[in-house]
Every structure is written in structure tokens, then in C-alpha cells.
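First up is the structure itself, then whatever we jot down about it.
The values are calculated or read from the model by the stated rules, or taken from the named source; none is laboratory data. Quantities reported herein were computed from a predicted structural model and do not represent experimental measurements. Here the Cβ positions follow ideal geometry from the backbone for every residue, glycine too, while neighbour counts run over all protein chains shown.
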Amino acid sequence: MSEEMSVIEAFIFDVDGVLVDSPHERAWGDTLRDLMFNEWSELIEVTGYSPEKYTSEVYQSIVAGRPRTEGAAALLAYFRIPDPDQKRAKLLCERKQDMIVRLIDEGAFRAYDDAIRLLLRAKSAGASLAAASSSKNANKLMTKVDLSAYSNFVSPGTTLLDVFDVNVCGREFQHGKPHPEIFLTAAKTLHVPPERCVVVEDAPSGVQAAKAGGMKCIGIARVNDEELLSSAGADWVVTSLDRITPLSDFFRISSRGS
């Protein structure tokens, strides 16, 4: 085993785009399109907006990982949609939230099998687990994922939310990603030093937050965004979390306090 191999006590998982293929990207895009072709139709000619310009790359680089209000403001700014009093950003947030709740209730999402396998391997190896997402919908999503379908060692009815030792999803933080506050809070609550944590992220802002907090970071590139994640500073960039196996090839797992 390499002497330079990182000693890890905890894995901190983002949720949207990492553990769950959530409908957030769709909800943001559909909501913005509906507003631009209805209430805000008079603005189309003076903005840079058209539906086809809202891409996965735009979502990943501008919206993903950020608190809802920051994501809305960033999206409006990207498409040069004027919002001098922030009322349009507020309306975009409200309409998007209505849509995401409806989509979640309709079951318009799925868990990522590779992420669930990594999470269960980490737990089996003795690592502590934390969920850390800016999304206020993350908990609702995780309660709808039944982990017993993935392992015979998981009790029937155990949800994805149940498996975490710490959950800081949806909390109000003073700073959003790329500030490390959310990840540092997760590490502090776990009683694990930041340098012994590895964050699993799919968004550049999340990778930047992990590295700013002094943590290792796995970037999962699900939308051909390897370069974005690598440029953000991810220690490993993979297109499937099954590549992070066996764990002993990447980390020396240490139970807390050992």
C-alpha cells in the first residue's frame, strides 16, 4: 500500500446528480421556458435566451450545486434577462419549486446504481457517511429510494436517507457553494477532520467547495463534463463510481478515532 495513500474516515455525498438522477435540470429549463414564452415574452428579443441554449453544460456550470436563489440569479444573468429588483429570480424559484415537487411526486427520478454501490462499500468498510446538498428537495428524494433492493444486508424499508450518519441537506447556510461551509459543517458534525474526508460531487461549484475545505474530491462526470470537473480541482474524475473500486486501491479507510 502506498505511503501516500489518503487516510479517509468519512465520505460526504452530494445528492442531485450524484446519488439521484433528479429532475432539477429539467425543472429549471422547463420553468424558464414557460416564463419566457408567457409572462416574460416581451423580453425575448432583448435577451440571449432561446430554449436550445439551455444545455446540460449550462446547468452544470451555472446552477448545479448552488442554493436555489443563487442559481436563479445566475441563470437570469447568463441569458441577460433583466432583473433589477430580483422579482424575476424569486418568481423563477417559486415556479421551479412547484414543478420539482410535482415531478418528484410523480416519480420522475431514479437512483444511480453506481453511487449506491459506492456508498454501501464505504459504509461496509467502516467509513462514516454524510449527505450534503444545497437542495431543499434532497431529503424528499432520498426518502423515496429503498436501499433493500441493492443489498441483502439492508433491512426492508431502509431508505437512502436512513443510511447516513449525518445529514445537512437543505439547511440555511450563510455561504453557498463554492464556499466550503456546507462540507465543513458535515465534517464537523461527523467529528472528522476535513483532510480525512472525501467528497463525491458532480458540479464544478461543489468540487471547488470541497477543495476549498481541504478535502479530497471525486468528480462524477455524468454529462460529458470531465474537463469542467478536472479544471475545478477534482482529485479523481470518473464517468462511473464503479471505477472507485476496490476502495483499498484509492484510500486507507479508518473508522473514526482509530
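Under 6 Å between Cβ atoms, at least 6 apart or on separate chains: pull out the pairs that start in segment 1-16 with a residue that is in the same structural domain as residue 164 (by TED's automatic domain parsing) and end on any residue that is among the acidic types (Asp, Glu) and modelled with pLDDT of 95 or more. Correct list of pairs: 14/201.
Within segment 53-63, being over 13 Å from residue 232 (Cβ atoms) and part of a helix (DSSP H, G or I) holds for 53, 56, 57, 58, 59, 62, 63. When 45, 39 are checked against the criterion of being over 23 Å from residue 205 (Cα atoms), assigned to a helix (DSSP H, G or I) and outside the structural domain of residue 218 (by TED's automatic domain parsing), a single residue qualifies: 45.
Pairs linking a residue in segment 143-168 that is hydrophobic (A, V, I, L, M, F, W, C) and exposed (fewer than 12 other Cβ atoms within 10 Å of the Cβ) to a residue that is at pLDDT 95 or above and in a loop (DSSP other than H, G, I, E, B), with Cβ atoms under 8 Å and 6 or more positions apart or on different chains, do not occur.
Please verify whether residue 44 is touching a Pro at 6+ places or on another chain (Cβ under 8 Å) and of a type in the set (A, V, I, L, M, F, W, C), treating the condition exactly as stated. The answer is no for residue 44. The criterion of at least 3 residues that are over 20 Å from the mean Cα position of the chain (by Cα) and not acidic (Asp, Glu) is met by the following helices (runs of 4 or more DSSP H) wholly inside segment 64-135: 68-78, 87-105.
Is one or more of the residues making up segment 45-60 under 17 Å from the mean Cα position of the chain (by Cα) and of a type in the set (A, V, I, L, M)? Yes, segment 45-60 has at least one match. Considering segment 209-258, the residues that are polar (S, T, N, Q), modelled with pLDDT of 95 or more and in contact with a strand residue (DSSP E or B) (Cβ under 9 Å, 6 or more places away or on another chain) include one that is nearest to residue 177 (Cα to Cα), namely 230.
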